[in-house]
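Read the structure below first, then the notes.
Read-outs: derived from the displayed coordinates by stated rules, not from any lab. Please read all numbers here as calculations on a predicted model, not as lab measurements. Because the Cβ atoms are built from the backbone with ideal geometry, glycine has one as well, and the counts that use them run over all protein chains shown.
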Amino acid sequence: MNLGFYIILVAQFFSALADNALLFAAIALLKDLHAPSWHTPVLQEAFIFSYIVLAPFVGAFADSLPKGRVMFLSNNIKILGCIAMLLGINPLLAYGLVGLGAAAYSPAKYGILTEYLPHSQLVKANSWMEGLTVLAIVLGAVVGGVLISPAIAEPMLAWWDVPLLDTGIDTAPELAIAIIVGIYCIAALFNLYIPRLAIDHRPLSRNPVFLLSEFWHCFKLLWKDPLGQVSLAVTTLFWGAGATLRLLVLGWAAVALHYDIGTAAKLTAWVAIGIALGAILAAKFVKLEHSVKVLPVGIAMGILVILMIPVTHSTLAVLLLITIGAMGGYFVVPMNALLQHRGHLLMGAGSSIAVQNFNENLSIFAMLSLYALMEKLEFSIYLIILVFGLLLSGIMTALYRRHGHDQDRGQM
């Protein structure tokens, strides 16, 4: 791995750090506005809406420009979304603008790996990328939790305003968002130093009708490919489950452990630490050609989620969340690498990642909608956990029965 690869990693780290800290700041902002509890999953749905709607176009956009340039422009859109929140625009709408930047960013950040590295290094590169991203998630949860904590925010707010100049930053969530803008600016600076690569799969046309048709072609191509199908199904399920799990932990920590939102936000970091450990183990023990064999780990992960229900002790909660995260990291990293490899062979890297994002975010949207519905119906958090764990384990079991031997038949 050379210097260019590490610049990509650092740029991704700061962007992911800001993304994850911003989520908790935006949730705290909703609470300050006395929004109903079901607005929290809707907030995340607003973020991923652009991933779904723009999926046919962002892949072509990522493939039409040097990917470092795409990442730079996308980070600037995220900054605009943060500024919109500070200007008093509805957090759901402003966070949706941040999601627009993230939707454009994602195909570039993963697509650049397949263009910059040989496929033999993709599992290792993905482990680095996922591990560092998870570290950013951990620190993002901690930073977000600290910044929205009254004990930290109030002293900072006391000296934040410059004499004779009203910045409009008057609350802990607003202060957190302002600091997060600075983190996005650091990410954008590193984007400028990402190695400039030759454009690999330049789009044949920028016509929207053509792009929709091409996206549908790529969509079918990945789902019909045996290895593409199983890897796409697993990563789709994982990221839908992961987004919902973060909200589950917040709600569960409030009821089972009596944590406030700042402390509960820090608790979600332990899941991310587990994912990083799982990613490291996957890099060491799982080869790309054997990646389908990790599917049973996903089944066990769903069962462990259900074991959250009786836990009321903080130490046991931390150990359980780390284990759940480790299982997730162990099975999703090889699946992600396999999907990138198949997508790069079948189509442009940006287009394949856009198809992946479309499916993953449909899954996130569906699971968050189910979560929002159960919240609106005032279901117990324990019943929600049970439904979620059974759904995850059941779908992973069905996938393993259908695809458990696909890789032996497939062609790498």
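Summed over all non-identical Cα pairs, the Kirkwood treatment of the chain gives a radius of 21.4 Å. Look at CYS82, CYS185, CYS218 and count the other Cβ atoms within 10 Å of each Cβ; fewest to most, that gives CYS185, CYS218, CYS82.
Could you put SER363, SER380 in order, starting from the residue whose Cβ has the fewest other Cβ atoms within 10 Å? Show your work: numbers first, answer last.
On the way: SER363 23, SER380 12.
Neighbour counts put them in this order, fewest first: SER380, SER363.
Going by neighbour counts of Cβ atoms within 10 Å, the residues HIS39, HIS34, HIS217 line up, fewest first, as HIS34, HIS217, HIS39.
Compute the FRET efficiency between VAL209 and ARG69 as 1/(1 + (r/R0)^6), taking r as their Cβ-Cβ distance and R0 = 25 Å, and round to the nearest 0.05.
Numbers: r = 26 Å, r/R0 = 1.03.
The formula returns an efficiency of 0.45 here.
When a/c reaches 1.5 or more, the comparison of a/b and b/c decides; with that in mind, is segment 1-70 rounded, prolate or oblate per its Cα gyration tensor? Here segment 1-70 falls in the oblate category. Lys-Lys pairs in the chain that are eight or more residues apart or on separate chains and whose Cα atoms lie under 18 Å of each other come to 10.
Using C-alpha pairs below 8 Å separated by at least 6 residues, the relative contact order for the chain is 28 percent.
The relative contact order of segment 44-101 comes to 53 percent, based on Cα pairs under 8 Å that sit 6 or more residues apart. A Förster radius of 41 Å combined with the Cβ-Cβ distance from ALA366 to LEU192 puts the calculated FRET efficiency at roughly 0.65.
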